[in-house]
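Let me begin by presenting the structure, written as structure tokens, before commenting on it.
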Amino acid sequence: MTAATLSGWSLPRRRPSALPGFGPTLGFALAYLSLIVLIPLSVLVWRASGLGIGGLVAVASSPRVRAALETSFYLSLVAAALNAVAGLVVAWVLTRYRFPGRAVLDAMVDLPFALPTAVAGIALAAIYATNGWVGSLVNDLFGIRIAFTPSGIFVALVFIGLPFVVRTVQPVLADLDREVEEASATLGASRLQTVVRVILPAMLPAVLTGFALAFARAVGEYGSVIFIAGNMPFVSEIAPLLIIVQLEEFNYVGATAIAVVMLAISFTSLLAINLVQAWCLRRYGHV
């Protein structure tokens, strides 16, 4: 008889959990990720391995492929950076303020998720063309053409990437304790100092996560871009479109090689972003 029983108390029995344990869930996760992610990517790399490292470098360094890769990754990076700032502001407004039409504005954020990419591309091309409402105004005032130029690609990538930042930052911002802000103000900090030293460090990991998601989405975007890009080689041709062109020309090896190069660059970029995010979590803590 245990000491707990002698003292008149009995230890409560552990109730069986309805959830599966670590082993089954880990096995399911690995199997699912292998079927959906690892095996297809492994086959892609295996198909391109016939070219060798030298062949992949030759494909990636060809002028047309290099121009398409630079267009895709540079514009995706700039669009994701803009969305990181604008998404934080939009999430702040939706979380901290109550105003008429807030629910409508909140629903509009998710519109790029629900809207087919082809529809988004046609709508953006119609609006930002030189005879469109916005495009004609910008062209008349500043002499800048948006549609069918790299600027059109940038607009499309901003459009499809904004929800990723807003929906990543919004719940973290909602859980941010306002007492910390009040304590900062009580200690004599100005509003700007509170934002820079208290709010932004706490929000930085979530902003980086949204930035990474927006960047990854923009790199692989195809449907909404081809309608507004103009698709001119060395000017406004993106890498996913170049892969489609190679497939239409039955150059399957070339298409696979470009895909592997995009995969390598994307993986390296996301790894760097995740390392920065992990450093921010260690420095500023988890919110």
> For the stretch 83-97, which residues satisfy the criterion of being more than 20 Å from the chain's Cα centre (by Cα) and open to solvent by 40 Å² or more (accessible area, probe 1.4 Å)?
Replying inline: 93, 97
> Could you say which residue among 234, 250 is outside any helix (DSSP H, G or I) and within 26 Å of residue 124 (Cα to Cα)?
Replying inline: 234
> Quick one: how many residues across the stretch 90-111 are under 18 Å from residue 181 (Cβ atoms) and either β-branched (Val, Ile, Thr) or not in a loop (DSSP other than H, G, I, E, B) (or both)?
Replying inline: 6
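For (1) part of a helix (DSSP H, G or I); (2) more than 28 Å from the chain's Cα centre (by Cα); (3) at pLDDT below 85, each residue gets a yes or a no:
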| position | (1), (2), (3) |
| --- | --- |
| 180 | yes, yes, yes |
| 188 | no, yes, yes |
| 195 | yes, no, yes |
| 199 | yes, no, yes |
| 206 | yes, no, no |
| 209 | yes, no, no |
| 214 | yes, no, no |
| 218 | yes, no, no |
> Of all residues in the stretch 100-109 being of a type outside the set (Val, Ile, Thr) and open to solvent by less than 70 Å² (accessible area, probe 1.4 Å), which is nearest to residue 170 (Cα to Cα)?
Replying inline: 106
>> With the requirement that a residue be in a helix (DSSP H, G or I), surrounded by fewer than 16 Cβ atoms within 10 Å (Cβ to Cβ) and more than 24 Å from the chain's Cα centre (by Cα), what does the stretch 116-133 give you?
In response: 133
>> So, residue 140, is that one more than 30 Å from residue 251 (Cα to Cα) and without any contact (Cβ under 8 Å) to a residue 40 or more places away in the chain or not?
In response: yes
> Inside the stretch 253-287, can you point out the residues that are among the hydroxyl-bearing types (Ser, Thr, Tyr) and modelled with pLDDT under 85?
Replying inline: 284
>> Restricting to the stretch 256-280, and then to whatever is open to solvent by less than 40 Å² (accessible area, probe 1.4 Å) and without any contact (Cβ under 8 Å) to a residue 60 or more places away in the chain, can you tell me which residue is farthest from residue 222 (Cα to Cα)?
In response: 278
> Can you tell me how many residues in the stretch 167-184 are farther than 15 Å from residue 88 by Cα and open to solvent by less than 60 Å² (accessible area, probe 1.4 Å)?
Replying inline: 3
>> From the list 21, 27, 55, 50, exactly one residue is under 30 Å from residue 231 (Cβ atoms), open to solvent by less than 50 Å² (accessible area, probe 1.4 Å) and not polar (S, T, N, Q). Which is it?
In response: 55
> Within the stretch 135-154, can you find the residues that are within 20 Å of the chain's Cα centre (by Cα) and open to solvent by less than 30 Å² (accessible area, probe 1.4 Å)?
Replying inline: 152, 153
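The values are calculated or read from the model by the stated rules, or taken from the named source; none is laboratory data. Predicted model, so just to flag it, every value in this text is computed and none were measured. For neighbour counting, all protein chains shown are included, and Cβ atoms are generated from backbone atoms with ideal geometry for every residue, glycine included. What goes into the accessible areas is simple: the full protein's heavy atoms, side chains included, and nothing from ligands, DNA or RNA. Shrake-Rupley method; radii C 1.70, N 1.55, O 1.52, S 1.80 Å.
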